[in-house]
Amino acid sequence: MAPLSENVGLIAAVTGVVVAQALKPCTHFVASGGRFRPALAVSSGGFPSSHSAFVTALATGVGAQNGLGDGAFACCVVVAMVVMYDAMGVRRQAGFHASAINSLVAGVYGTQSGSSSGLGAANLDVGNHPATDVESEGGTPRADTLTDTLFDEGFEAFVRRLQERPLREHIGHTPVQVIAGAVTGVVIGIVIGLSMGEV
């Protein structure tokens, strides 16, 4: 049995995701005209897609080591297609939904400063509330999920929790980001395969 250190697919996949994540702050720096955000290196979304790089590097490495006619390569290609489609479809739409909900909470309820509910603009400043609170006002335990909060504590508590911890918006990818990630993964898979004498 070959040792783990000779598994081209695994090494290529890990290298691919690390390289893609490391590239995100750099590409954002160029695209934004000089704004450097190192936190992008450990976040989802962005250019290039690290998920795409991960699965395409895996498929390329497996193909280089086992051959393009091997069943394992076929499995990797199918998984890569599903992951990339999901990144452009479901995950991207989920990001749009999160953005709309965050805007609704900050905009619509943020303008009701004189309402009796107390959900005024000052109360809905998304950046001024810690995301680690575990108790609601009065010291009672807070519900575990947003759904629990809505049904157990009411709509006002639900909005406050959304305000304190906004939904993540950048979780999907554009087609360009996915293609860039796929190209990154294929290149890394080929390079790893060449360096390990499998290509």
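Grab the other residues whose beta carbon is less than 15 angstrom from that of V8, score K and R as +1, D and E as -1, and report the net.
Here the count lands on -3.
Based only on Cα atoms, what Rg/Rh ratio does the stretch 1-87 have, Rh being taken as Kirkwood's radius? Here Rg/Rh amounts to 1.08. Were the residues from S5 through T27 laid out at 0.36 nm apart, the gain over their Cα-Cα distance would be 4.8 nm.
No value in this document is a laboratory result; all are computed from the given coordinates. Computed from a predicted model, the values in this text were never measured in an experiment. All Cβ positions, even for glycine, are placed from backbone atoms using ideal geometry, and neighbour counts span all protein chains on display.
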